[in-house]
Structures are given as structure tokens and as C-alpha cells.
1. Tell me, what is the Rg over Rh of the range 218-260, with Rh the Kirkwood radius over Cα pairs?
2. Highest mean first, how do 241-247, 177-183 rank when packing is the count of other Cβ atoms within 10 Å averaged over residues?
3. Provide the gained length on full extension for the span Val127 to Asp160, in nm with one decimal, where the gain is 0.36 nm per separating residue minus the Cα-Cα distance.
4. Among the listed pairs Lys201/Lys257; Lys172/Lys258; Lys225/Lys258; Lys192/Lys257; Lys201/Lys248, give every one whose C-alpha distance is greater than 20 Å.
5. For Leu43, Leu118, give the ranking by accessible area with the largest first, probe 1.4 Å.
6. If Lys and Arg each add +1 and Asp and Glu each add -1, what is the summed charge of the other residues whose beta carbon sits under 12 Å from the beta carbon of Arg180?
7. What does the highest-first list of 55-63, 221-229, 122-130, 196-204 look like by mean Cβ count within 10 Å?
Amino acid sequence: MPRLFSIIAFLLAFNMAHGAQPAGKQVKLLPKIIKKAAPAVPLIMKKDTAAIAVRYFDTVKIQALKKQPEFQYNDTVESSPSLWRRFWNWLKSLFKPIKIGTNVSKFWVVFGYVLKYLLIIGGLAGVVFLSLKLAGIDMLNVFRRKPASANLEYSELFEDIHEINFDDEIEKAIAQHNYRLAVRLLYLRSLKHLSDADLIKWQPEKTNNAYIDELSNSEQKRFFKTLTLQFEYVWYGEFAINAQAFNKINTAFTDFKKSI
């Protein structure tokens, strides 16, 4: 108790010594603590004394990696043009304008173009002629080709199949080794057999395809179409055949006759 009274008395005395404080202000009993700024420490740059090992790219290995398809990052990889594309590129280059100086007269300009295109046409004609020659086609006889001669007593265009003795004529052609003519007679005899069976209506001006279309039996039509192709190949193509090839064709015509 005595200590409590001492504290109260001390506070009253302190209040009276400083007087009353204005309203609205708080009484600060503790003194302000002022912090002093620390003295500035100078910056010191430290040098890196570590040893540096310089490394370089291996150019040989880089080139090897570039050639690998796994490292080709292009969206479209240009491949080398084909021989056909090279040919067309070369052909287009032939038709490019001729570079001629400005002081050249028009006559020489026209003469240069005419000479250029004549050389181009001559070169292409030579290539075509050489290709046909290698293929065994004689261009000199294409436009002056004579019609095939049958050596018969009747006309080839207006022959009447109902007036021909096919057995005698075929034997005569075989005896003369004229197998092309024998094949033609075999084909005409087949037309006669079809006409006699009322499977076709024979007329001299009809084509071979017309007779094929008149056949209603699909198997018979296929068989006769094959014989027609063989006949046209031998007769109109003027391909020489030997006895062995003729025997195979003769057997085919015989089998067709049995199917009628």
C-alpha cells in the first residue's frame, strides 16, 4: 500500500509540472528514437580470375548432320527434276527471245528468228524420224503404200462370199505360202458360216465391227472379236506370218466354226 501511494503521488506531481495538454492530442510519454544512417560502404568490383576454356563448333560434324534427313526442317524439299521436266525446260528455253543488239537491222532480227525455228523444227523432225526408224517404221512408204493384193479373180471390195470356193482357195494360198491371204479367206469363210446360220446379215459395205455387234451370244461375240483382231493385224497391217503362226490361227477359226 505505501508503494502504491508513492506512485500515485509521483504521477500527480509530474502532471502538474508540465501543465495541462491541449484537447485532441495524445500524450507521448516515451522519447523519440532517432536512427542514424549507417555509413556508406564503397563498392568494390571483383574480377573473375577463373580460367576460361574456349570451345569451337565442329564444322565437319555439322555438315554431316545437315545431310541427315532427320535434320531437314524445310517444309518442301526440292528434289532434282526428272528427265521429262528437264526436256520441257529445255524446249521452253528454245522459244525465248533472241538477244540482239539495238544497232542490228530488222532484217537480221527476222532472219535470226527464222533460222532459229527452222533449226528447231529440223531437230524435232530428225528425232521423230530416228525414233520411227528404230521402231521399224519406214516413213518413206507410209504415204505411198499400195493396197494389199489378194491375187484373186474377184474384187476385194465387192466380193460375194457365197460365190467363193473357200476350201480350194485356202489350199491354193497355203500351197503358195501366202499365209496372209489364207487368213483373209478363213475370215471371209467365217462370215459365210455366220450368215448361213442367220446370226448376221452379210453385206459387202458393212464393217467388221458391225458384224460383231450383230452377234447376240456374248461368248460367241468375244471369240469372233478375237478372230477379227487377228485378221486385221495380219491383213491390214501387212505383217508376214510363217506356217507355224498360220496353223495356230487356222485352229482358232476351226474352233469358232464348231461353236456356230
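1. 1.00
2. Values: 241-247: 13.1, 177-183: 19.7.
Going from most to least packed, we get 177-183, 241-247.
3. Gain on extension, Val127 to Asp160, equals 7.2 nm.
4. Lys172/Lys258; Lys201/Lys248
5. Sorted by accessible area, descending: Leu43, Leu118.
6. -1
7. On the way: 55-63: 8.0, 221-229: 16.0, 122-130: 10.8, 196-204: 12.4.
Per-residue mean Cβ counts within 10 Å order the peptides as 221-229, 196-204, 122-130, 55-63.
The values are calculated or read from the model by the stated rules, or taken from the named source; none is laboratory data. Here the structure is a predicted model, which means the values were calculated and not measured. Please note: Cβ atoms are built from the backbone with ideal geometry, for glycine as well, and neighbour counts cover all protein chains shown. Only protein heavy atoms, including side chains, enter the accessible area calculation; ligands, DNA and RNA are left aside. Shrake-Rupley method; radii C 1.70, N 1.55, O 1.52, S 1.80 Å.
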